[in-house]
Amino acid sequence: YLGRYGAGPFDAHWQRITYAFARAGVKWFEWYNEPNLGVEWQDGFDPDWRNFDGVIVPLMENWLNFAEFVISLGCYPGFIPLAESDDLPYAAVPWMNAFMT
């Protein structure tokens, strides 16, 4: 668990860790955890699916880098998990729609 990682990058540090797990036999990987919740971002940041440039684009670009790396290892990338919420800025369905846009 990365704790308040927001839309942080899948950089060389995380690639090395992922590679080590893959060599140990792990096949499924997940990057990010419920980014539609403020608790997963830096203090004071309020995530919203309507913030394409500051939230959605970085999440998806970094997730694609992660997914391509995981696939190159012969493993499987899980898609970004979302928490359920009926509060519009955090609601899972609009977030998923934004991811697919």
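Only one of the listed residues (Asn51, Asn62) is within 19 Å of Pro9 (Cα to Cα), surrounded by 18 or more Cβ atoms within 10 Å (Cβ to Cβ) and polar (S, T, N, Q). That residue is Asn62. Residues in the stretch 65-84: is at least one under 16 Å from Thr18 (Cα atoms), surrounded by 12 or more Cβ atoms within 10 Å (Cβ to Cβ) and polar (S, T, N, Q)? Yes, that holds for at least one residue.
A single entry from Phe10, Phe21 fulfils the requirement of being modelled with pLDDT of 95 or more, assigned to a loop (DSSP other than H, G, I, E, B) and more than 15 Å from Ala98 (Cα to Cα): Phe10. Touching a strand residue (DSSP E or B) at 6+ places or on another chain (Cβ under 8 Å), surrounded by 11 or more Cβ atoms within 10 Å (Cβ to Cβ) and within 12 Å of Gly6 (Cα to Cα): does that describe Trp31? Yes: the conditions hold for Trp31. Filtered by the rule that a residue be modelled with pLDDT of 95 or more and of a type in the set (Ser, Thr, Tyr), the stretch 50-101 gives Ser72, Tyr76, Tyr90. Among residues of the stretch 29-53 being touching a residue at least 40 places away in the same chain (Cβ under 8 Å) and more than 14 Å from the chain's Cα centre (by Cα), the one that is farthest from Tyr90 (Cα to Cα) is Phe52.
So, in the stretch 24-54, exactly how many residues are of a type in the set (A, V, I, L, M, F, W, C), out of contact with any Lys or Arg (no Cβ under 8 Å at 6 or more places or on another chain), part of a loop (DSSP other than H, G, I, E, B) and under 18 Å from Phe99 (Cβ atoms)? Of the residues in that region, 3 qualify. Restricting the stretch 1-14 to residues that are under 17 Å from Pro77 (Cβ atoms) and crowded, with 16+ Cβ neighbours inside 10 Å, the residue that is farthest from the chain's Cα centre (by Cα) is Trp14.
The values are calculated or read from the model by the stated rules, or taken from the named source; none is laboratory data. Keep in mind that what you see is a predicted model, and the values were worked out from it rather than measured. Note that we place each Cβ from the backbone using ideal geometry, even for glycine, and neighbour counts take in every protein chain shown.
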